Amino acid sequence: MEKRKIAFHTFGCKLNFAETSAIARKFTEESYTAVDFKEKADIYVIHSCTVTAQAERKCKAAIRQAVRRNPDASVAVIGCYSQLKPDELMKMPGVNIVLGNHEKYRLFDVIAQQNGAINQNHDLHYHGHLSPADGTADYVTDQEIKTSRAYEPGYSINDRTRSFFKVQDGCDYFCSYCAIPFARGRSRSATIKETIDIAQKIASSDIREIVLTGVNIGDFGSRHNETFFGLVKELNQLAGIDRIRISSIEPELLEDRIIELVGSSDKLMPHFHIPLQSGTDRILELMRRKYKREVFAARVHKIKELMLHACIAADVITGFPGETEEDFNDTVSFIDSLDISYLHVFTYSTRPGTRSAEMEGQVSESEKTRRSKILHRLSDEKKLKFYTQNMNALQDVLWESDTQDGMMFGFTGNYIRCKTPHDQLKVNTIEKVKLLSIDDDGVFTVDVVK
């Protein structure tokens, strides 16, 4: 019997990609064939994101594309958007299955039970409502309470070079602009031992690099009386993996001892992604962030003190309610004063049910756009300065399989993209190079060090 074809399309964070890979493995191990989302398939799975309104629009566009490619296909939408707005998605023509973040791991069983003939009227999506909570958060959902203790590990192996490794899920912070705690529930993780056991499975493959992902990875182990530092310390001893990267980590959770461990390790990459969100304490307080800007600055100074060529990326949100021109200019000046490498710029997007959606002082879309352009220019300036600082430096590059115009690409430990003439024997190898010059796309040409 011919295998059924299934296609996955993932939006959002690295965590989603790790989870998609784990879900997809259940299908490919059980007589399904995975095909590209642009091909005709029997089942289309869209792993959704809800961090911005634009992310939701992209999800809807992908649904319409899938239906056009095969009107007879089953379309499943899983993830954060499905958790928060299941009714909205079920109304879209062609959508058969809507599963929230905990239920998405049942996707294989759901499709198997239905035997490919999905009943349009069955209730596979879950309703949650926003309601006041006591203590930690202002809002929780019924579904969030039900799933807050469940933890599903995951890791990607689609790319033989790199694996996104999920080590934590959920968040207890409830920042005033963020819907993710509603969509993913409370902070949770496995124990260090359980996490290392999974990491050893990755290490037994051909993968050379692990990227640690989660919603709030610095909060790893909080329910087990363990710490993220403890996990990273153990992973640093793991045989079979050459590189480990830490993805986004909150500034107040990026302890000095973590930075010092990275600085002394050959395995932990000098690459940091630290959310700033605003450069003024007044806006940080409105956002309900758990630090002041001096904490962020101290982390940057500590990193650069130990690792001069480290890459430091920062998230920043512009147009948050109440952000005045003075606040914005103060943020720009603060960022400009720091030795960071580039920015991830986000234009504030109202998320229903969050505290900021009710705030006064909403910034106009035109003003958000203007401020965003200024921050993007500042990011470009920062990146050029960072690249210039690394000119002629010796770095180790992990070469990947992607090719374009006869060139292959890879990343240095401090996350600078490089290229060299394609050589299949170099794929998934680490090679020492000298960084020579930057092309128009911001990619370094290199000279191999013999």
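In this structure the amide hydrogen of Ile312, modeled in the peptide plane, comes within under 5 Å of the amide hydrogens of Phe272, Ser341, Tyr342, none closer than 5 places in sequence on its chain. Looking at the chain, the DSSP beta bridges with both ends there are about 40 percent antiparallel. Ordering Met287, Met408, Met92, Met269 by the number of other Cβ atoms within 10 Å of each residue's own Cβ, fewest first, gives Met92, Met408, Met287, Met269. The Kirkwood hydrodynamic radius of region 394-448, based on inverse pair distances between different Cα atoms, is 10.8 Å. Ordering Phe328, Phe174 from the fewest to the most neighbouring beta carbons within 10 Å gives Phe174, Phe328. Peptide packing for 180-189, 205-214, 391-400 was compared via the average number of neighbouring C-beta atoms within 10 Å per residue; ordered from the highest value, the list is 180-189, 205-214, 391-400.
When the Gaussian network model of the chain links Cα atoms closer than 10 Å, the mean-square fluctuations of Lys104, Lys193, Lys382 top out at Lys193.
Summing Lys, Arg as +1 and Asp, Glu as -1, what charge do residues with Cβ under 13 Å from the Cβ of Asn16 carry, Asn16 excluded? With Lys, Arg at +1 and Asp, Glu at -1, the neighbours total +2.
Mean-square fluctuations from a GNM of the chain, with a 10 angstrom spring cutoff on Cα atoms, peak among Leu338, Leu89, Leu107 at Leu338.
With N as its number of residues, region 149-247 has a Cα radius of gyration that, divided by 2.2 N^0.38 Å, comes to 1.07.
Given +1 at the Cβ of Lys and Arg, -1 at the Cβ of Asp and Glu and no other charges, the dipole of the chain around its Cα centre is 700 debye to the nearest 20. Checking every one of the chymotrypsin sites (Phe, Trp or Tyr not before Pro) in region 242-317 against DSSP loop status and a limit of 13 other Cβ atoms within 10 Å picks out no site at all.
Under 5 Å between amide hydrogens, built in the peptide plane, is the criterion, and for Ile210 it picks out Ser163, Arg243, Ile244, Arg245 among residues at least 5 positions away or on other chains. Cross-link pairs exceeding 28 Å between alpha carbons, from the set Lys85/Lys368; Lys26/Lys426; Lys267/Lys383: Lys26/Lys426. Rounded to the nearest 500, the helix-only mean residue ellipticity at 222 nm of the chain stands at -10000 deg cm²/dmol, with each DSSP H run of n ≥ 4 adding -39,500 (n - 2.57). Exposure proxy shown here: for Glu252, Glu2, the number of other Cβ atoms within 10 Å sets the order, fewest to most, as Glu2, Glu252. Under the convention that each Lys and Arg Cβ holds +1 and each Asp and Glu Cβ holds -1, the size of the dipole of region 306-349 around its Cα centre is about 260 debye. Can you tell which of Leu375, Leu107, Gly410 lies farthest toward the positive end of the dipole of the chain, using +1 and -1 charges on the Cβ of basic and acidic side chains (Lys, Arg; Asp, Glu)? Positive-most Cα among the choices belongs to Leu107. Using 0.36 nm per residue and subtracting the Cα-Cα separation, the extra length available between Glu360 and Asp72 on full extension is 99.0 nm. Taking a Cβ cut-off of under 11 Å around Leu253, the surrounding Lys, Arg, Asp and Glu residues balance to a net charge of -2, with basic ones at +1 and acidic ones at -1. Computing Rg and the Kirkwood Rh from the Cα coordinates of the chain gives a ratio, Rg/Rh, of 0.96. The 3J(HN,Hα) values that the Karplus relation (6.51, -1.76, 1.60; θ = phi - 60°) gives for region 25-37 are, in residue order, 4, 4, 6, 5, 7, 10, 6, 9, 10, 7, 10, 5, 4 Hz. Gly and Pro appear as x. Using the Karplus relation 6.51 cos²θ - 1.76 cosθ + 1.60 with θ = phi - 60°, the per-residue 3J(HN,Hα) values for region 287-303 come to 6, 6, 6, 9, 8, 9, 5, 5, 5, 4, 4, 5, 5, 4, 5, 5, 4 Hz, with x marking Gly and Pro. Using a Gaussian network model of the chain in which every pair of alpha carbons under 10 angstrom is joined by a spring, one finds that among Gly230, Gly100, Gly263 the greatest mean-square fluctuation is at Gly230. For Glu285 and Asp87, the FRET efficiency from 1/(1 + (r/R0)^6), where r spans their Cβ atoms and R0 equals 41 Å, is about 0.75.
Bear in mind that the values in this text are calculations on the coordinates, not laboratory data. Quick caveat: nothing in here was measured; it's all calculated off a predicted structure. Glycine gets a Cβ as well: all are built from the backbone with ideal geometry, and neighbour counts include every protein chain shown.
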